[in-house]
1. When ligands, DNA and RNA are left out and all protein chains stay put, how many square angstrom of accessible area per residue does region 239-302 have with a 1.4 Å probe?
2. First check a/c for region 213-282, with a ≥ b ≥ c the square roots of the eigenvalues of its C-alpha gyration tensor; if it is under 1.5, answer rounded, and if not, answer prolate when a/b is larger than b/c or oblate otherwise.
3. I want to verify a result. In a Gaussian network model of the chain, Cα cutoff 10 Å, which of these has the top mean-square fluctuation: 276, 238, 155?
4. Would you kindly find the accessible area of residue 132, with a 1.4 Å probe and non-protein molecules such as ligands, DNA and RNA excluded, rounding to the nearest 10 Å²?
5. Considering Cα pairs under 8 angstrom that are at least six residues apart, work out the relative contact order of region 142-209 and quote it in whole percent.
6. Under the definition of Cα pairs under 8 Å and six or more residues apart, what whole-number percent is the relative contact order of the chain?
7. With r as the distance between the Cβ atoms of residue 259 and residue 231 and R0 = 35 Å, compute the FRET efficiency 1/(1 + (r/R0)^6) and round to 0.05.
8. Can you say what percent of the DSSP beta bridges in the chain, counting only those with both residues inside, are antiparallel? Round to 5.
Amino acid sequence: MEKAKFGGQAVVEGVMFQSSSNMVTAIRRTNDEIEYFEMERPQKKWIQNLKKIPILRGNVAIIESTVYGMKHMEYATDRFERDPEDDVKIESEKQSANTAKIVVSTVIVAILSFLVGKFLFTLIPVFVAEMFSGIITGHFGQVALETFFKLLLLLGYIYAISFTPMIKRLFQYHGAEHKVINAYESDKPLTVDNVQNSSRLHYRCGSSFILFTVLVGFVVYMFVPVDPFYVRIINRILLIPVVLGLSFEVLQLTNKLRDIPVLKWLGLPGLWLQYLTTKQPHDDQVEVAIHSFNQLVRREKA
């Protein structure tokens, strides 16, 4: 029998784990206690049907994970520095606000944040590459240069933010999340020692997905014009869903091939990027991740 697949996400001072039907976040409060935020994952039939369509399902999954992930990140951010005795204030603040408006605004902000980030990540390298069009000419040269600047932007941004204390701790929790998943998939008991001895890299990671969008984009852009410049801008924008969808399929494929010696190298570029996006966690961070995962499993069995 195939093991159930779980995914996850690092949040501020904690980890969120999810299945196809449930999501659980565990965070460590200032009083050292571990607190949970749990929610059932909505199972809307039309969304499930869209998830069966190749390429399109990737875009649906990305939007869904962005919206739900922001809810858990918002929960963790609200509480990580606040005294637990102030929780009553947090709840009263939310009760005094319009719940429907909060939900709608959270969804809108999540989607807009993702789109703005993707647009900037896609278009800035295009403009920079165009600046060198007099030196590096031709279709291949321009697409290759654009891809190079995109990689430079991606790696430089991640490297720069990794030095900030909060992001460093977030990356440590990201490492803890991967270690728990790897320990679970290896049938190891989820103890701190077993989890710490597991790899902090994983084939299904969103970091790998981001890198694949760069590599897949390089291939896709070879089939569309780069001149005139306005056409290049338009096709880059219109092809964003295509690149995202294809990258999702590549991510799923590399995960399926990871145990085949000759083909597992296909996922290596994504794993290499995770050396930047994950850090070695402390034992207390691993403990939080284990609590989150175990709570999700308990919820699944309930």
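The values are calculated or read from the model by the stated rules, or taken from the named source; none is laboratory data. Quick caveat: nothing in here was measured; it's all calculated off a predicted structure. Methodologically, a virtual Cβ is constructed for each residue, glycine included, from the backbone with ideal geometry; neighbour enumeration extends over all protein chains shown. Surface accessibility is based on the protein's heavy atoms, side chains included, excluding ligands, DNA and RNA. Shrake-Rupley method; radii C 1.70, N 1.55, O 1.52, S 1.80 Å.
1. Working: 3250 Å² over 64 residues.
Computed with neighbouring chains in place, this is 51 Å² per residue.
2. Values: a/c = 3.00, a/b = 1.90, b/c = 1.57.
Verdict is prolate for region 213-282.
3. Most flexible of the set in this elastic network: 238.
4. Around 80 Å² of this residue is reachable by solvent.
5. Working: 36 pairs, mean separation 16.1, N = 68.
RCO, region 142-209: 24 percent.
6. Values: 384 pairs, mean separation 79.0, N = 302.
Relative contact order for the chain comes out at 26 percent.
7. On the way: r = 43 Å, r/R0 = 1.23.
So the FRET efficiency works out to roughly 0.20.
8. Antiparallel bridges: around 100 percent, rounded to the nearest 5.
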